[in-house]
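These notes concern the structure reproduced below.
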Amino acid sequence: MNKIINIILNSNGYQETDIPLHQELAELNLFKPRVDNHRQEYFLVVKLHEQSNEAAKQFLEHHTQDWFDQIIISGFVGQEFEKNCTLILCHKEDQVNRTTILMIEEDQYNFKKNVITYTEDELIDFQDYIDRNQLSSLNEEVINSVINENGGMSFLQFKNNNKTQKDYYSLLLKSILKLPFISYLPQEQQLANLIDDIELSLSPSQLSIYKNLTENSESWEEDTIEEKVEGIWGASS
């Protein structure tokens with residue numbers, strides 16, 4: 001699971017950096033903003049080797065503060081780290097309960113904390129989807145295209161089956177909900193952006209004709225189409 005979150009971070013303006021923690025508790029990946037990224041937030045991606053509800057609770061109670069302190073004094077991070085670091089805990093869905101997730105995410109000390117749960121089926125299907133579609137990046141544009149694929153039908157299908165659907169789509173949605181740098185762009189907004197691009201490409205006279213054609217609220221009957229087009233063209237010339 002860390003691998004997928006790492007790809008998303010690498011694709012959206014973050015780079016992995018050295019992590020000064022010597023421990024055998026978990027797989028860890030620390031990300032900082034790239035130079036061209038104006039964000040200041042760091043991300044620590046964590047997957048515990050022991051996947052259990054008790055291990056998740058012990059991790060919060062006995063390790064997060066120590067890790068936080070060690071990273072701050074390591075010299076590997078800037079001073080903005082202390083107030084701008086989010087810990088992403090990746091944990092198997094059937095090995096942690098809702099109460100523990102809330103306890104971790106609502107804990108106000110050291111890191112901000114988000115928990116991304118997953119199933120093996122979701123993980124396998126997501127990796128298959130990446131391989132099948134030859135995705136080398138999971139940037140915001142690619143993620144939005146996946147969410148909006150099939151003309152939005154994939155989202156509607158998930159909306160109707162979200163309790164039982166366990167595949168690449170459900171895992172992607174769960175992940176981006178916990179990653180604050182990803183913004184969802186609905187298809188309607190994408191269409192609006194396309195319309196803006198069209199309008200910017202037109203000359204003033206072409207734009208006037210275009211607006212007259214698209215904003216005309218009168219009904220267009222077959223026997224009056226020629227007359228209306230000539231009227232619009234003439235009014236804009």
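Coordinate-derived values only; no laboratory data. What you see is a predicted model; the values in this text were computed from it and never measured. Using ideal geometry, Cβ is built from the backbone for each residue, glycine included, and neighbour counts are taken over all protein chains shown.
Couplings 3J(HN,Hα) of the stretch 120-129, computed from phi: 4, 4, 4, 5, 5, 5, 5, 5, 4, 5 Hz, in residue order, whole Hz [Karplus 6.51 cos²θ - 1.76 cosθ + 1.60, θ = phi - 60°; x for Gly and Pro].
Fewest-first ordering of 106, 41, 24, 120 by other beta carbons within 10 Å of each residue's beta carbon gives 24, 106, 120, 41. Full extension of the chain between residue 99 and residue 203 yields a length gain of 31.5 nm, computed as 0.36 nm times the residue separation minus the alpha carbon distance. I need the shape label for the stretch 14-118. Rule: rounded when a/c is under 1.5, else prolate if a/b > b/c, else oblate, with a, b, c from the alpha carbon gyration tensor. Cα axes put the stretch 14-118 in the prolate bin. For the stretch 94-128, applying the loop criterion from DSSP together with a ceiling of 12 other beta carbons within 10 Å to the chymotrypsin sites (Phe, Trp or Tyr not before Pro) yields 109.
The charge dipole of the stretch 2-177, taken about its Cα centre with unit charges on the Cβ of Lys, Arg, Asp and Glu (plus for the first two, minus for the last two), comes to roughly 420 debye. Within the straight-line cut-off of under 28 Å between alpha carbons, the lysines reachable from residue 163 are 3, 47, 57, 92, 112, 113, 174, 178, sequence neighbours fewer than 8 places apart in one chain being disregarded.
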